[in-house]
Amino acid sequence: MTQTAGQGKFGSEIDAAAIDEAVGRALDYLRRAQLPHGQFRSYHSFDATMTKDCYDDPTVFVTATILYSLFFAGLDRNDTMVRKGLDWLVLEREQPGVWRYCPLSQTGPSRIPPDTDDTSLIGFVLEMYGVDPCVDRKLLLANRERNGLFNCWLLLRGRRYYNPVWWMRAMRHPLKFLPIAYRSFWRSTECIPNDIGAGMNANVLLYLGEGRETKPVVEYLLEVVNLGREEICDPYYVRPSIIHYLLSRAFFHRGGGLAAAREPVVARVAQGWSEGFDDPLGTAAWISTLCNFGCLHALLPEAVTHLIGTQVCDGSWPRSPIYVAGPRRAIHFGSEELTTALCVEALCRYRQVAPGEKVL
C-alpha cells in the first residue's frame with residue numbers, strides 16, 4: 001500500500017515518497033551550495049521579489065537559520081554539512097559571548113554592533129546540536145528596556161550606565177558596546193540604537209525560555225497577534241508569515257503562555273491561504289507554523305503539494321525576502337539556500353505531525 005502523508009484537496013493523497021524525494025533533492029542542493037568554510041550565501045536587493053539586482057550580503061543569521069531547519073531533516077552534528085556550519089558559527093563568536101549580523105571574517109567588527117537576535121538564535125541552534133554556545137546570558141538579560149522587552153542592539157546606553165553587568169563588559173571591551181563606535185552604521189541605515197521588535201524578541205524567548213524575565217515578551221507577542229499588528233511589530237521582520245513562524249517556533253520549543261496565540265494565528269493562516277498561496281518561503285513558514293502549533297488544518301496537504309510543485313529542477317526553491325532593512329525599509333534580504341532550508345523544515349515537520357494520517 002502506498003504510504004501517504006495526508007489527504008489533499010478533492011481527496012487526492014500526498015505520497016510520502018514525493019516528500020522524501022523533494023527533501024533529498026533539497027539537501028543535495030544545500031550540500032553543493034555550502035561554501036567551503038561552512039557559511040551559506042545570502043543576498044540583498046532593492047527589488048522586492050529578489051529576482052534581479054541581487055548582491056552578496058554575508059550574514060551569520062542565514063547560516064544559523066538553515067542549520068535550525070536542517071535539524072528536522074534528521075541531521076546531527078556528525079553530518080559534514082552541519083559540522084562545517086556549526087564550526088563556522090563558533091569561530092564567529094566574540095567575547096564575552098555574542099554575535100553580530102555581519103561575519104567578522106568578512107566585514108570586520110566596526111560595521112555593525114552585536115545584537116540579541118543573532119546571539120539568541122545562534123545560541124539556541126548550537127545547543128540543539130549539543131554544542132556549548134558560551135552565550136553571555138547575563139548580558140542578554142541586562143539588555144531589556146523598562147517595559148521588559150529586549151532591545152535589538154547590545155549597547156551601553158541610557159539606564160544601562162547604572163548596571164554593573166554592563167560596566168564589567170564595557171571595561172573589558174570598551175569599543176564593542178558604545179553606540180558612538182558605530183556612527184557610520186546609524187548614518188547609513190534606518191537602524192536606531194533602541195530598535196525593538198516582535199521577531200527579535202521571539203528569538204530571545206526561544207533561547208532564554210519562558211520565565212519571570214521573559215514574561216513581558218510573551219505578553220507583548222500575544223498582544224501583537226490579538227491586535228493584528230504583525231506587519232508593523234518589527235522594523236526588520238515585516239512579513240506576517242515570518243512573525244507567525246518565529247512566534248510558533250518559540251512556542252514549539254518553550255510552550256507556556258504562547259499557547260494562547262494558537263487560535264488567532266491559525267485563523268490568519270487559513271484566511272491567507274483561502275486567498276491563494278504565498279511564495280515558497282511564505283508558504284513554508286505557514287506550514288511550519290501550523291505544525292508547530294500541532295494544527296492538522298484541512299489546507300495543509302494542499303499547501304504541501306503546492307510547495308513541492310514549486311521546487312526547482314536543481315533541488316532548490318526560489319529566493320525571496322525574509323526580512324527588510326535600509327532606507328525606507330526598501331532593502332530585501334534572502335537567498336535560495338535560506339528558502340530551501342525553510343521548505344525542508346516545513347516538509348519534515350508535516351511528516352512528523354501527520355505521518356500516514358488524513359488531515360481533518
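The values are calculated or read from the model by the stated rules, or taken from the named source; none is laboratory data. The shown structure was predicted, so the numbers you read here are calculated from the model rather than taken from an experiment. Neighbour counts run over all protein chains shown; Cβ positions are idealised from the backbone, glycine included.
Please determine whether any residue of the range 114-134 is acidic (Asp, Glu), surrounded by fewer than 21 Cβ atoms within 10 Å (Cβ to Cβ) and assigned to a loop (DSSP other than H, G, I, E, B). Talk me through it step by step, then tell me what you get.
Keep residues of the range 114-134 that are acidic (Asp, Glu), which gives 115, 117-118, 127, 132.
Pick out the ones that are also surrounded by fewer than 21 Cβ atoms within 10 Å (Cβ to Cβ) and you get 127, 132.
From what's left, assigned to a loop (DSSP other than H, G, I, E, B): 132.
So far as the range 114-134 goes, yes, one or more of its residues are acidic (Asp, Glu), surrounded by fewer than 21 Cβ atoms within 10 Å (Cβ to Cβ) and assigned to a loop (DSSP other than H, G, I, E, B).
Among the residues of the range 291-303, are any in contact with a Gly (Cβ under 9 Å, 6 or more places away or on another chain) and within 27 Å of Arg31 (Cα to Cα)?
The initial filter retains those residues of the range 291-303 that are in contact with a Gly (Cβ under 9 Å, 6 or more places away or on another chain), namely 296, 300-302.
Now drop any that are not within 27 Å of Arg31 (Cα to Cα), which leaves none.
Scanning the range 291-303 turns up no residue that is in contact with a Gly (Cβ under 9 Å, 6 or more places away or on another chain) and within 27 Å of Arg31 (Cα to Cα).
Taking the range 309-329, which residues are of a type outside the set (Asp, Glu), over 20 Å from the mean Cα position of the chain (by Cα) and surrounded by fewer than 19 Cβ atoms within 10 Å (Cβ to Cβ)? Explain how you work it out, then say what you get.
Restricting attention to the range 309-329, the residues satisfying the condition of being of a type outside the set (Asp, Glu) are 309-313, 315-329.
This time we only want the ones that are over 20 Å from the mean Cα position of the chain (by Cα), so: 309-313, 315, 327-328.
Within the range 309-329, Gly309, Thr310, Val312, Cys313, Pro327, Arg328 qualify.
May I ask you to list the residues in the range 187-242 that are surrounded by 22 or more Cβ atoms within 10 Å (Cβ to Cβ) and among the polar types (S, T, N, Q)?
Once the filter is applied, which keeps residues that are surrounded by 22 or more Cβ atoms within 10 Å (Cβ to Cβ) and among the polar types (S, T, N, Q), the range 187-242 yields Asn201, Asn203, Thr214, Ser241.
Sort out for me the helices (runs of 4 or more DSSP H) sitting completely within the range 195-304 that have 1 or more residues that are hydrophobic (A, V, I, L, M, F, W, C) and over 23 Å from Glu145 (Cβ atoms).
Values: elements: 198-208, 215-226, 240-254, 262-274, 280-292.
Per the criteria, 240-254, 262-274, 280-292.
Among Leu246, Leu222, which is touching a Phe, Trp or Tyr at 6+ places or on another chain (Cβ under 8 Å), under 15 Å from Phe293 (Cα atoms) and hydrophobic (A, V, I, L, M, F, W, C)?
Details: Leu222 fails: touching a Phe, Trp or Tyr at 6+ places or on another chain (Cβ under 8 Å).
The conditions single out Leu246.
Is it the case that Val90 is out of contact with any Ser or Thr (no Cβ under 9 Å at 6 or more places or on another chain), in contact (Cβ under 8 Å) with a residue 12 or more places away in the chain, β-branched (Val, Ile, Thr) and surrounded by fewer than 22 Cβ atoms within 10 Å (Cβ to Cβ)?
On the way: out of contact with any Ser or Thr (no Cβ under 9 Å at 6 or more places or on another chain): yes; in contact (Cβ under 8 Å) with a residue 12 or more places away in the chain: yes; β-branched (Val, Ile, Thr): yes; surrounded by fewer than 22 Cβ atoms within 10 Å (Cβ to Cβ): yes.
Yes: the conditions hold for Val90.
Looking only at the range 156-171, which residues are assigned to a helix (DSSP H, G or I), touching a helix residue (DSSP H, G or I) at 6+ places or on another chain (Cβ under 7 Å) and of a type outside the set (Val, Ile, Thr)? I'd like the intermediate steps shown before the answer.
Filtering the range 156-171 for residues assigned to a helix (DSSP H, G or I) gives 158-162, 164-171.
Within this subset, residues satisfying the condition of being touching a helix residue (DSSP H, G or I) at 6+ places or on another chain (Cβ under 7 Å) are 160, 165-166, 169.
Of everything in the range 156-171, those that are assigned to a helix (DSSP H, G or I), touching a helix residue (DSSP H, G or I) at 6+ places or on another chain (Cβ under 7 Å) and of a type outside the set (Val, Ile, Thr) turn out to be Arg160, Trp166, Arg169.
May I ask you to say which residue of Ser320, Ser335 is small (Gly, Ala, Ser), touching a Gly at 6+ places or on another chain (Cβ under 7 Å) and at pLDDT 95 or above?
Numbers: Ser335 fails: touching a Gly at 6+ places or on another chain (Cβ under 7 Å).
The match here is Ser320.
Hey, can you tell me all the residues within the range 115-147 that are in contact with a strand residue (DSSP E or B) (Cβ under 9 Å, 6 or more places away or on another chain) and not charged (D, E, K, R)?
Thr116, Thr119, Ser120, Val135, Leu139, Leu140, Leu141, Asn143
Does Ala270 satisfy the criteria of being at pLDDT 95 or above, more than 17 Å from the chain's Cα centre (by Cα) and surrounded by fewer than 18 Cβ atoms within 10 Å (Cβ to Cβ)? Steps first, please.
Values: at pLDDT 95 or above: no; more than 17 Å from the chain's Cα centre (by Cα): yes; surrounded by fewer than 18 Cβ atoms within 10 Å (Cβ to Cβ): yes.
No: the conditions fail for Ala270.
Pairs please, first residue from the range 126-147 and free of Cβ contacts under 8 Å to residues at least 12 places away in the same chain, second anywhere and outside any loop (DSSP other than H, G, I, E, B) and hydrophobic (A, V, I, L, M, F, W, C), Cβ atoms under 9 Å, 6+ apart in sequence or on different chains.
Hits for this filter: Asp132/Leu126.
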